[in-house]
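Just so it is clear, none of the values below were taken in a lab; they were calculated from the coordinates. Computed from a predicted model, the values in this text were never measured in an experiment. A quick note on method: Cβ atoms are made from the backbone with ideal geometry, for glycine too, and the neighbour counts reach across all protein chains shown.
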Amino acid sequence: MNEGAEIFVDVMSEQTAATAQKEKIVFDEAFTLHHRTVFRAARSVVQDSGLAEDVTQEVFLRLYNNLDSIADGEMLRPWLIRVAINVARNTLRGNIRANTREENYVKESAEVSIYSVETDYEQRESTSEIQRALNKIKEPLRSCLILKQQGLSYKEIAESLSLNETSIGQFVARARKEFVRFYGKIGREIQ
């Protein structure tokens, strides 16, 4: 590189460093001068100091990222206040939406749990009614019906209960009739 080009590169790097330093100083000065104003503006909207501090941080992050777009120093304070109010409102909207989602979730969960409790009670009651009806059926009819419902064949039922295989079909049919009769009576008793 020739000497003139090296001087030009040195001057440009010094100017870039000076510009970066100047921007940093401007940001630091803006933060120092306007932090309290931004915080107050945010707190006036959100009504919570912790949330206002979060909003203030967001505002100054936006300032840092958009520092070069604010050309006029006199417009800095109004810009910061406007951004603070907008960010605060957006934060409130987001919180309201989040709360609404949580409330809806809680309502849905409560409905599901109520449904689950009601369903559970109904299932227990139904099981209890079935058990009472089965208990009214005399042996060996009851055992034949239960084993048939469990999927055993007539031969397997006969072997397990030490009964004649040809009578198992009759026992199951009679047990079904008695079950229907007793189960219907139990249903009428409850109502």
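Output ³J(HN,Hα) for the range 138-145: one whole-Hz value per residue in order, computed from phi by the Karplus curve 6.51 cos²θ - 1.76 cosθ + 1.60 with θ = phi - 60°, and x for Gly and Pro.
7, 6, x, 4, 4, 4, 5, 5
Rounded, prolate or oblate: which one fits the range 27-115, using the alpha carbon gyration tensor with axes a ≥ b ≥ c (rounded when a/c is under 1.5, else prolate when a/b beats b/c, else oblate)?
The shape class here is prolate.
Applying the Karplus parametrisation 6.51 cos²θ - 1.76 cosθ + 1.60 with θ = phi - 60° to the phi angles of the range 33-44, what ³J(HN,Hα) value in whole Hz is obtained for each residue in order, glycine and proline being reported as x?
6, 10, 4, 4, 5, 5, 4, 5, 4, 5, 5, 5
Could you check the simple spin-label distance between GLU108 and GLN57, using points 7 Å along Cα→Cβ, in nm with one decimal?
3.1
Could you give the length gained by full extension between ALA173 and ARG97, i.e. 0.36 nm per residue of separation minus their alpha carbon distance, to one decimal place?
Once the chain is fully extended between ALA173 and ARG97, it gains 21.2 nm.
If you plug each phi of the range 78-88 into the Karplus form 6.51 cos²θ - 1.76 cosθ + 1.60 with θ = phi - 60°, what whole-Hz ³J(HN,Hα) values come out, in order, with x for Gly and Pro?
x, 4, 4, 5, 4, 5, 4, 5, 5, 5, 4
Give me the number: length gained by fully extending THR166 to LYS136, i.e. 0.36 nm times residue separation minus the C-alpha to C-alpha distance, one decimal in nm.
In short, 8.4 nm is gained.
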